[in-house]
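Visitor: For reference, the structure I am asking about is given below.
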Amino acid sequence: MAQGDWVPDELDLPWLTQFDVRTLVAGVPAGPVGADDPVWETLHDNGLLPSRVRDAIEGLRGSSPATMAEALVDLGWTVCSDGNTSASGAFVVPMLIRAAADTSAQSRADALQLIGDLARVFTLNMEMRPSMLWVMQPMPVYDSSGYLENWAVEAARMMVGRDTDLLVELLDDDDPDVRGRAAYVLVTALPVDGDLVEILRLRLAAETVASVRMILVICIAQHLRELDQVPEALAWSRANWSDRASPLEIRLGGVIAWLNLTDEAVPPELRKVLSELPMPAVRELSEQLPWIWWLNYQTDGIANWWQRLIQ
(Lines give C-alpha, C1' and ligand atoms only; values in the text may rest on other atoms or scores of the structure.)
Protein backbone atom coordinates (compact mmCIF):
# COMPACT_ATOMS: atom_id res chain seq x y z
CA MET A 1 0.00 0.00 0.00
CA ALA A 2 1.15 3.55 -0.68
CA GLN A 3 2.24 5.76 2.17
CA GLY A 4 -0.82 7.42 3.73
CA ASP A 5 -3.26 4.65 2.75
CA TRP A 6 -5.54 3.74 5.63
CA VAL A 7 -4.59 0.65 7.63
CA PRO A 8 -6.94 -0.44 10.45
CA ASP A 9 -5.70 -0.31 14.03
CA GLU A 10 -7.18 -1.68 17.24
CA LEU A 11 -9.73 1.13 17.48
CA ASP A 12 -11.11 0.16 14.06
CA LEU A 13 -11.56 -3.53 14.81
CA PRO A 14 -15.12 -3.32 16.24
CA TRP A 15 -16.29 -1.55 13.07
CA LEU A 16 -14.76 -3.86 10.49
CA THR A 17 -17.02 -6.15 8.50
CA GLN A 18 -16.52 -9.82 9.31
CA PHE A 19 -16.54 -10.94 5.67
CA ASP A 20 -13.29 -10.07 3.86
CA VAL A 21 -13.87 -10.00 0.09
CA ARG A 22 -10.09 -9.93 -0.49
CA THR A 23 -9.88 -13.49 0.84
CA LEU A 24 -12.63 -14.57 -1.55
CA VAL A 25 -10.78 -12.99 -4.51
CA ALA A 26 -7.59 -14.81 -3.55
CA GLY A 27 -9.39 -18.14 -3.86
CA VAL A 28 -11.04 -17.47 -7.23
CA PRO A 29 -9.19 -18.85 -10.30
CA ALA A 30 -7.85 -16.33 -12.79
CA GLY A 31 -10.16 -15.42 -15.65
CA PRO A 32 -13.75 -14.23 -16.06
CA VAL A 33 -16.24 -14.95 -13.29
CA GLY A 34 -19.36 -16.27 -15.01
CA ALA A 35 -22.93 -15.69 -13.89
CA ASP A 36 -23.12 -19.28 -12.60
CA ASP A 37 -19.89 -19.18 -10.59
CA PRO A 38 -20.28 -20.24 -6.91
CA VAL A 39 -18.68 -16.97 -5.85
CA TRP A 40 -22.03 -15.22 -6.31
CA GLU A 41 -23.68 -17.57 -3.82
CA THR A 42 -20.96 -16.81 -1.30
CA LEU A 43 -21.58 -13.09 -1.74
CA HIS A 44 -25.33 -13.66 -1.51
CA ASP A 45 -24.94 -15.67 1.70
CA ASN A 46 -23.11 -12.71 3.20
CA GLY A 47 -25.80 -10.26 2.09
CA LEU A 48 -23.54 -8.60 -0.48
CA LEU A 49 -24.94 -9.53 -3.91
CA PRO A 50 -27.25 -7.06 -5.66
CA SER A 51 -29.74 -9.06 -7.73
CA ARG A 52 -29.02 -7.06 -10.92
CA VAL A 53 -25.34 -8.03 -11.16
CA ARG A 54 -25.91 -11.35 -12.91
CA ASP A 55 -28.30 -9.84 -15.47
CA ALA A 56 -25.80 -7.08 -16.24
CA ILE A 57 -22.99 -9.63 -16.66
CA GLU A 58 -25.08 -11.50 -19.20
CA GLY A 59 -25.73 -8.21 -21.00
CA LEU A 60 -22.01 -7.73 -21.56
CA ARG A 61 -22.15 -10.71 -23.91
CA GLY A 62 -24.86 -9.11 -26.03
CA SER A 63 -24.07 -8.35 -29.65
CA SER A 64 -26.12 -5.15 -29.69
CA PRO A 65 -24.27 -1.90 -28.86
CA ALA A 66 -27.36 -0.76 -26.96
CA THR A 67 -27.38 -3.99 -24.92
CA MET A 68 -23.78 -3.59 -23.83
CA ALA A 69 -24.18 0.12 -23.11
CA GLU A 70 -27.23 -0.64 -20.96
CA ALA A 71 -25.36 -3.44 -19.16
CA LEU A 72 -22.49 -1.07 -18.33
CA VAL A 73 -24.90 1.50 -16.94
CA ASP A 74 -26.60 -1.19 -14.84
CA LEU A 75 -23.24 -2.42 -13.56
CA GLY A 76 -22.16 1.10 -12.75
CA TRP A 77 -25.24 1.72 -10.61
CA THR A 78 -25.04 -1.74 -9.04
CA VAL A 79 -21.37 -2.19 -8.19
CA CYS A 80 -20.15 1.43 -8.12
CA SER A 81 -23.18 3.42 -7.00
CA ASP A 82 -22.34 7.06 -6.27
CA GLY A 83 -18.69 6.19 -6.85
CA ASN A 84 -18.49 3.67 -4.00
CA THR A 85 -17.18 0.23 -4.98
CA SER A 86 -19.30 -2.61 -3.62
CA ALA A 87 -18.00 -5.97 -2.46
CA SER A 88 -19.24 -7.61 -5.66
CA GLY A 89 -17.39 -5.11 -7.88
CA ALA A 90 -14.14 -7.05 -8.02
CA PHE A 91 -15.82 -10.03 -9.65
CA VAL A 92 -16.99 -8.14 -12.74
CA VAL A 93 -13.49 -6.76 -13.42
CA PRO A 94 -12.10 -9.75 -15.41
CA MET A 95 -15.08 -9.81 -17.76
CA LEU A 96 -14.95 -6.04 -18.23
CA ILE A 97 -11.27 -6.24 -19.14
CA ARG A 98 -12.02 -8.89 -21.75
CA ALA A 99 -14.88 -6.84 -23.13
CA ALA A 100 -12.45 -3.94 -23.55
CA ALA A 101 -9.90 -6.22 -25.22
CA ASP A 102 -12.46 -7.49 -27.75
CA THR A 103 -12.03 -5.17 -30.73
CA SER A 104 -15.45 -6.20 -32.06
CA ALA A 105 -17.18 -5.12 -28.86
CA GLN A 106 -18.87 -1.80 -28.22
CA SER A 107 -18.30 0.69 -25.38
CA ARG A 108 -14.78 -0.57 -24.79
CA ALA A 109 -13.50 2.67 -23.29
CA ASP A 110 -16.60 2.83 -21.05
CA ALA A 111 -15.80 -0.67 -19.75
CA LEU A 112 -12.29 0.48 -18.84
CA GLN A 113 -13.64 3.63 -17.21
CA LEU A 114 -15.83 1.52 -14.95
CA ILE A 115 -12.91 -0.73 -14.01
CA GLY A 116 -10.77 2.27 -13.14
CA ASP A 117 -13.55 3.69 -10.99
CA LEU A 118 -14.04 0.35 -9.22
CA ALA A 119 -10.32 0.28 -8.44
CA ARG A 120 -10.38 3.63 -6.60
CA VAL A 121 -11.92 4.49 -3.24
CA PHE A 122 -14.58 7.19 -3.13
CA THR A 123 -14.60 7.96 -6.87
CA LEU A 124 -16.80 10.98 -7.71
CA ASN A 125 -15.50 12.77 -4.60
CA MET A 126 -11.79 13.12 -5.34
CA GLU A 127 -11.51 16.01 -7.75
CA MET A 128 -9.69 18.46 -5.51
CA ARG A 129 -6.03 18.58 -4.62
CA PRO A 130 -4.34 16.55 -3.46
CA SER A 131 -6.85 13.69 -3.54
CA MET A 132 -7.41 13.22 -7.29
CA LEU A 133 -4.43 10.88 -7.56
CA TRP A 134 -5.24 8.85 -4.45
CA VAL A 135 -6.12 5.28 -5.32
CA MET A 136 -6.94 4.42 -1.73
CA GLN A 137 -7.86 6.79 1.13
CA PRO A 138 -6.25 7.77 4.45
CA MET A 139 -9.49 6.86 6.25
CA PRO A 140 -12.08 4.08 6.23
CA VAL A 141 -14.93 4.51 3.74
CA TYR A 142 -18.14 2.48 3.71
CA ASP A 143 -20.52 1.90 0.80
CA SER A 144 -24.29 2.35 0.96
CA SER A 145 -24.76 -1.19 2.29
CA GLY A 146 -22.28 -0.61 5.11
CA TYR A 147 -19.45 -2.65 3.60
CA LEU A 148 -15.89 -1.37 3.96
CA GLU A 149 -15.10 0.09 0.54
CA ASN A 150 -11.35 0.07 1.19
CA TRP A 151 -11.43 -3.74 1.15
CA ALA A 152 -13.74 -3.85 -1.87
CA VAL A 153 -11.38 -1.59 -3.84
CA GLU A 154 -8.34 -3.58 -2.83
CA ALA A 155 -10.12 -6.70 -4.11
CA ALA A 156 -10.85 -4.97 -7.43
CA ARG A 157 -7.20 -3.92 -7.69
CA MET A 158 -6.14 -7.52 -7.12
CA MET A 159 -8.33 -8.54 -10.06
CA VAL A 160 -6.79 -5.81 -12.24
CA GLY A 161 -3.34 -7.13 -11.30
CA ARG A 162 -4.19 -10.55 -12.71
CA ASP A 163 -4.77 -9.14 -16.21
CA THR A 164 -2.06 -6.52 -16.60
CA ASP A 165 -0.80 -8.29 -19.73
CA LEU A 166 -4.13 -7.62 -21.47
CA LEU A 167 -4.16 -4.03 -20.28
CA VAL A 168 -0.59 -3.38 -21.44
CA GLU A 169 -1.62 -4.60 -24.91
CA LEU A 170 -4.45 -2.08 -24.86
CA LEU A 171 -1.92 0.74 -24.50
CA ASP A 172 -1.27 0.17 -28.21
CA ASP A 173 -4.93 -0.09 -29.23
CA ASP A 174 -6.14 1.77 -32.33
CA ASP A 175 -8.72 3.66 -30.25
CA PRO A 176 -7.13 6.55 -28.30
CA ASP A 177 -9.94 6.48 -25.72
CA VAL A 178 -9.09 2.85 -25.02
CA ARG A 179 -5.37 3.65 -24.75
CA GLY A 180 -5.91 6.44 -22.24
CA ARG A 181 -8.27 4.47 -20.06
CA ALA A 182 -6.09 1.38 -20.16
CA ALA A 183 -3.39 3.51 -18.51
CA TYR A 184 -5.96 4.83 -16.01
CA VAL A 185 -6.72 1.23 -15.02
CA LEU A 186 -3.15 -0.09 -15.05
CA VAL A 187 -1.92 2.30 -12.38
CA THR A 188 -4.37 0.75 -9.90
CA ALA A 189 -3.09 -2.83 -10.24
CA LEU A 190 -1.95 -4.87 -7.25
CA PRO A 191 0.75 -5.84 -6.71
CA VAL A 192 2.28 -2.49 -7.64
CA ASP A 193 4.82 -3.08 -10.40
CA GLY A 194 7.80 -0.75 -10.73
CA ASP A 195 8.33 -1.81 -14.34
CA LEU A 196 5.07 -0.13 -15.30
CA VAL A 197 6.69 3.30 -15.12
CA GLU A 198 8.99 2.46 -18.02
CA ILE A 199 6.13 0.87 -19.98
CA LEU A 200 4.11 4.08 -19.64
CA ARG A 201 7.10 6.23 -20.57
CA LEU A 202 7.62 4.21 -23.75
CA ARG A 203 3.94 4.58 -24.62
CA LEU A 204 4.17 8.33 -24.00
CA ALA A 205 7.15 8.61 -26.36
CA ALA A 206 5.12 6.92 -29.11
CA GLU A 207 1.75 8.56 -28.43
CA THR A 208 0.45 11.15 -30.89
CA VAL A 209 -2.97 12.05 -29.47
CA ALA A 210 -2.87 15.05 -27.15
CA SER A 211 -5.45 13.88 -24.59
CA VAL A 212 -3.76 10.49 -24.22
CA ARG A 213 -0.36 12.12 -23.79
CA MET A 214 -1.76 14.24 -20.97
CA ILE A 215 -3.29 11.16 -19.30
CA LEU A 216 -0.02 9.25 -19.56
CA VAL A 217 1.95 12.06 -17.90
CA ILE A 218 -0.51 12.00 -14.99
CA CYS A 219 -0.53 8.19 -14.81
CA ILE A 220 3.25 8.07 -14.53
CA ALA A 221 3.10 10.54 -11.64
CA GLN A 222 0.31 8.57 -10.00
CA HIS A 223 2.19 5.30 -10.30
CA LEU A 224 5.33 6.81 -8.80
CA ARG A 225 3.17 7.86 -5.87
CA GLU A 226 1.89 4.28 -5.51
CA LEU A 227 5.53 3.18 -5.41
CA ASP A 228 6.05 5.61 -2.49
CA GLN A 229 8.26 7.74 -4.72
CA VAL A 230 6.48 11.06 -4.19
CA PRO A 231 9.65 13.19 -4.57
CA GLU A 232 10.31 11.49 -7.90
CA ALA A 233 6.67 12.02 -8.93
CA LEU A 234 6.89 15.72 -8.08
CA ALA A 235 10.17 16.04 -9.97
CA TRP A 236 8.63 14.29 -13.00
CA SER A 237 5.63 16.60 -12.91
CA ARG A 238 7.74 19.73 -12.52
CA ALA A 239 10.02 18.70 -15.38
CA ASN A 240 6.98 18.51 -17.63
CA TRP A 241 5.20 21.73 -16.66
CA SER A 242 8.40 23.78 -16.59
CA ASP A 243 9.58 22.76 -20.06
CA ARG A 244 8.49 25.55 -22.38
CA ALA A 245 9.45 23.47 -25.40
CA SER A 246 6.92 20.76 -24.54
CA PRO A 247 3.45 20.61 -26.11
CA LEU A 248 0.55 22.04 -24.12
CA GLU A 249 -0.87 18.63 -23.21
CA ILE A 250 2.45 17.49 -21.70
CA ARG A 251 2.78 20.67 -19.65
CA LEU A 252 -0.86 20.50 -18.60
CA GLY A 253 -0.45 16.89 -17.49
CA GLY A 254 2.51 17.97 -15.39
CA VAL A 255 0.54 20.85 -13.87
CA ILE A 256 -2.40 18.65 -12.91
CA ALA A 257 -0.15 15.91 -11.56
CA TRP A 258 1.94 18.33 -9.45
CA LEU A 259 -1.12 20.02 -7.96
CA ASN A 260 -2.60 16.65 -7.04
CA LEU A 261 0.55 15.22 -5.49
CA THR A 262 0.87 17.88 -2.81
CA ASP A 263 -1.09 20.54 -0.96
CA GLU A 264 1.93 22.85 -0.85
CA ALA A 265 1.46 26.45 -1.95
CA VAL A 266 1.72 26.91 -5.70
CA PRO A 267 5.25 28.20 -6.42
CA PRO A 268 5.68 31.47 -8.38
CA GLU A 269 7.18 29.64 -11.36
CA LEU A 270 4.06 27.49 -11.66
CA ARG A 271 1.81 30.53 -11.16
CA LYS A 272 3.47 32.05 -14.20
CA VAL A 273 2.87 28.90 -16.23
CA LEU A 274 -0.77 28.87 -15.16
CA SER A 275 -1.25 32.45 -16.29
CA GLU A 276 0.06 31.58 -19.74
CA LEU A 277 -2.04 28.47 -20.40
CA PRO A 278 -4.75 28.99 -23.07
CA MET A 279 -7.93 28.30 -21.11
CA PRO A 280 -10.13 27.06 -24.01
CA ALA A 281 -7.56 24.36 -24.78
CA VAL A 282 -7.09 23.56 -21.08
CA ARG A 283 -10.84 23.09 -20.68
CA GLU A 284 -11.10 20.90 -23.79
CA LEU A 285 -8.24 18.66 -22.67
CA SER A 286 -9.45 18.48 -19.08
CA GLU A 287 -12.78 17.15 -20.29
CA GLN A 288 -10.90 14.00 -21.39
CA LEU A 289 -9.55 13.21 -17.90
CA PRO A 290 -10.95 9.86 -16.70
CA TRP A 291 -10.38 10.88 -13.06
CA ILE A 292 -13.08 13.58 -13.19
CA TRP A 293 -15.38 12.52 -16.03
CA TRP A 294 -18.54 13.26 -14.02
CA LEU A 295 -17.74 16.98 -13.98
CA ASN A 296 -18.65 17.08 -17.68
CA TYR A 297 -22.27 16.56 -16.61
CA GLN A 298 -22.28 19.56 -14.27
CA THR A 299 -22.84 23.13 -15.39
CA ASP A 300 -19.38 24.71 -15.72
CA GLY A 301 -18.03 21.64 -13.92
CA ILE A 302 -14.58 21.66 -15.51
CA ALA A 303 -14.20 25.45 -15.31
CA ASN A 304 -15.13 25.45 -11.61
CA TRP A 305 -12.81 22.52 -10.91
CA TRP A 306 -9.92 24.30 -12.58
CA GLN A 307 -10.46 27.51 -10.64
CA ARG A 308 -10.58 25.65 -7.32
CA LEU A 309 -7.54 23.61 -8.29
CA ILE A 310 -5.27 26.59 -8.89
CA GLN A 311 -6.37 28.79 -5.99
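The values are calculated or read from the model by the stated rules, or taken from the named source; none is laboratory data. What you are looking at is a predicted structure, and each value in this text was computed from that prediction instead of being measured. Using ideal geometry, Cβ is built from the backbone for each residue, glycine included, and neighbour counts are taken over all protein chains shown. Side chains included, ligands, DNA and RNA excluded: accessible areas come from the protein's heavy atoms. Shrake-Rupley method; radii C 1.70, N 1.55, O 1.52, S 1.80 Å.
Visitor: Taking amide H positions as placed in the peptide plane 1.01 Å from N, state which residues far from Y142 in sequence (5 or more) or on other chains have amide H under 5 Å from it.
Guide: E149
Visitor: Highest mean first, what order results for 50-56, 273-279 on Cβ atoms within 10 Å?
Guide: Descending packing order for the listed peptides: 50-56, 273-279.
Visitor: For the chain, what does the relative contact order come out to in percent, with C-alpha contacts under 8 Å and a separation of six or more?
Guide: 16 percent
Visitor: Here is a follow-up. Tell me what the chain gives for mean residue ellipticity at 222 nm when only DSSP H runs of n ≥ 4 count, each as -39,500 (n - 2.57), the sum divided by the residue total, rounded to 500 deg cm²/dmol.
Guide: When only DSSP H runs of four or more count, the value is -16000 deg cm²/dmol.
Visitor: Now for a separate question. Please list, in order along segment 84-99, the HN-Hα scalar couplings obtained from phi with the Karplus expression 6.51 cos²θ - 1.76 cosθ + 1.60 (θ = phi - 60°), rounded to whole Hz, x for Gly and Pro.
Guide: Once θ is set to phi - 60°, the couplings for segment 84-99 become 9, 6, 8, 4, 7, x, 4, 7, 9, 4, x, 5, 5, 4, 6, 5 Hz.
Visitor: Also, I was wondering about something else. Given Cβ point charges of +1 (Lys, Arg) and -1 (Asp, Glu) and nothing else, what value in debye, to the nearest 20, does the dipole of segment 1-99 about its Cα centre take?
Guide: 420 debye
Visitor: Taking θ = phi - 60°, what integer Hz values does the Karplus form 6.51 cos²θ - 1.76 cosθ + 1.60 yield along segment 178-187, in sequence order, with x for Gly and Pro?
Guide: 5, 4, x, 7, 4, 5, 4, 6, 4, 6
Visitor: Which value in nm describes the separation of the simple spin-label points at L124 and L13, placed 7 Å from the Cα toward the beta carbon?
Guide: 3.5 nm
Visitor: With the other protein chains left in place, how much accessible area per residue, in square angstrom, belongs to segment 135-259 at a 1.4 angstrom probe?
Guide: 34 Å²
Visitor: Using the Karplus equation 6.51 cos²θ - 1.76 cosθ + 1.60 (θ = phi - 60°), what ³J(HN,Hα) coupling, rounded to whole Hz, does each residue of segment 213-227 give in order, writing x for Gly and Pro?
Guide: 4, 4, 4, 5, 4, 5, 4, 4, 4, 5, 5, 4, 4, 5, 7
Visitor: If you don't mind, another one. Can you give the convex hull volume of the alpha carbon atoms of segment 10-133 per residue, in Å³?
Guide: Taking only Cα atoms, segment 10-133 has a hull volume of 129 Å³ per residue.
Visitor: How high is the FRET efficiency between R308 and L248 when r is their beta carbon distance and R₀ equals 25 Å, given to the nearest 0.05?
Guide: 0.75
Visitor: Oh, and also: Over all directions, the average projected area of the alpha-carbon convex hull for segment 1-57 comes to how many nm²?
Guide: 5.8 nm²
Visitor: In segment 10-82, with Lys and Arg counted as +1 and Asp and Glu as -1 at Cβ, which of these residues, F19, N46, V73, has the Cα nearest the positive end of the dipole, that is, farthest along it?
Guide: Value: V73.
Visitor: I'd like to know how segment 160-226 sits against the 2.2 N^0.38 Å rule of thumb: what's its Cα Rg over that expected value?
Guide: 0.97
Visitor: Let's see if you can work this out: charge +1 on each Lys and Arg Cβ, -1 on each Asp and Glu Cβ, no other charges. What is the dipole magnitude of the chain about its Cα centre, in debye to the nearest 20?
Guide: Dipole magnitude for the chain comes out near 840 debye.
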